[in-house]
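Each value in this text was obtained by applying a stated rule to the coordinates, not by laboratory testing. Computed from a predicted structure; not experimentally measured. Quick reminder, even Gly has a Cβ in these numbers, built from the backbone with ideal geometry, and neighbours come from all protein chains shown.
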C-alpha cells in the first residue's frame with residue numbers, strides 16, 4: 001500500500017513539511033512544521049504552517065500527531081501553533097534530553113527549562129509503534145546529525161529529517177554539538193537496509209543548480225546515487241564528512257531556532273513588559 005503523503009515547501013528555509021493521512025479513518029500527522037521568522041526584525045508569521053492547516057481543513061482530517069525528526073537549527077517549529085489550532089500531540093526522539101542539556105548550558109537557560117523532555121508530549125523510543133488512525137508506523141532512532149534524530153516509518157514512506165537529502169546533495173552535517181559522522185554512517189546503513197522501494201522523505205531540499213524540487217527518493221536510488229554514500233565505507237564517509245563540515249557556514253537561524261525548538265517550539269515566556277526575548281550568546285558557535 002502506498003502511504004498518503006503531501007509535502008509543503010518553505011522556500012525561505014528550504015524546509016519540507018509532510019502531511020501523512022490515513023484515508024480510512026481521516027486521521028493525520030504533520031512532520032516538521034515551520035514557523036516563519038525574520039531574523040532582522042524578530043517577527044514571526046504563519047504563512048508556511050497556514051497552508052498546512054488549510055489543507056487539513058480542506059480534506060476534513062483530524063490531526064493526531066505533530067512529529068519532529070530532531071531539534072532543528074535552520075527553522076523554528078510551528079508545532080505549538082498546530083496543537084493549539086487543531087489538537088494533536090507533539091513527539092520527538094527520546095534522546096532529546098541530551099540535546100536540551102547541551103543547549104541549556106550554551107544559552108544559560110537553567111531555571112527556564114529542564115532537560116527532561118517534558119516540553120514535548122511524547123518521547124519515542126527506538127522501535128516504538130505510532131498509530132495514525134488505522135495506519136501503524138514505527139519510530140527509528142537515526143542519530144549522527146544530532147543525538148536525538150529519529151525517523152518515522154509508515155508503510156512505504158519514511159521521514160528521515162536531515163539525515164539524508166536528495167541523492168545529488170548527500171547527507172547531513174555532523175559538526176553541531178553532539179553530532180558524530182561515524183554514528184551518522186551507521187544510521188544511514190540502517191536506512192539503506194529498508195526495502196528498496198521505501199520512499200525516504202527529506203526535511204530539506206536545497207535545489208542545487210536550480211533543479212526542480214524533490215521531496216523524496218527511494219532507498220534504491222539513495223544506495224545507488226547518493227553523492228556522499230555511493231562507494232564509501234565508514235572510514236571514507238567519515239573523512240569526507242569531516243572535510244566538508246569544516247567549510248560549512250553556521251545556519252542563519254541557529255540561535256533563535258535552537259532556543260525555541262528545545263522548548264518544543266514554544267517561544268520564551270514573556271517578561272514583565274509582556275515582550276518575549278531570545279538570547280544571543282557571543283562566540284558560542
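Of note:
- Every residue from segment 138-165 that is in a strand (DSSP E or B), touching a residue at least 60 places away in the same chain (Cβ under 8 Å) and over 19 Å from residue 182 (Cα atoms): 152, 154, 157, 159
- Of all residues making up segment 17-45, the number that are over 26 Å from residue 146 (Cβ atoms) and part of a loop (DSSP other than H, G, I, E, B): 6
- Taking the criterion of being under 16 Å from residue 163 (Cβ atoms) and assigned to a loop (DSSP other than H, G, I, E, B), the only residue of segment 231-247 that qualifies is 232.
- Conditions (1) touching a helix residue (DSSP H, G or I) at 6+ places or on another chain (Cβ under 9 Å); (2) part of a loop (DSSP other than H, G, I, E, B); (3) touching a residue at least 60 places away in the same chain (Cβ under 8 Å); number of the one not met by residue 117: (3)
- Test: residue in segment 98-105 that is part of a strand (DSSP E or B), closer than 19 Å to residue 254 by Cα and within 14 Å of the chain's Cα centre (by Cα): no
- Residues satisfying the stated conditions in segment 62-82, i.e. touching a strand residue (DSSP E or B) at 6+ places or on another chain (Cβ under 9 Å), surrounded by fewer than 24 Cβ atoms within 10 Å (Cβ to Cβ) and more than 14 Å from residue 31 (Cβ to Cβ): 62, 74, 76, 80, 81
- The set of residues in segment 199-224 that are in a strand (DSSP E or B) and either in contact (Cβ under 8 Å) with a residue 60 or more places away in the chain or under 20 Å from residue 70 (Cβ atoms) (or both) comprises 199, 200, 201, 204, 216, 217.
- In segment 84-96, the residue that is surrounded by the most Cβ atoms within 10 Å (Cβ to Cβ) out of those that are part of a helix (DSSP H, G or I) and touching a residue at least 24 places away in the same chain (Cβ under 8 Å) is 96.
- Qualifying residue in segment 267-285 (condition: in contact with a strand residue (DSSP E or B) (Cβ under 7 Å, 6 or more places away or on another chain) and in contact (Cβ under 8 Å) with a residue 12 or more places away in the chain): no
- For the residues 250, 258, the requirement of being under 16 Å from residue 102 (Cβ atoms) and not in a loop (DSSP other than H, G, I, E, B) singles out 258.
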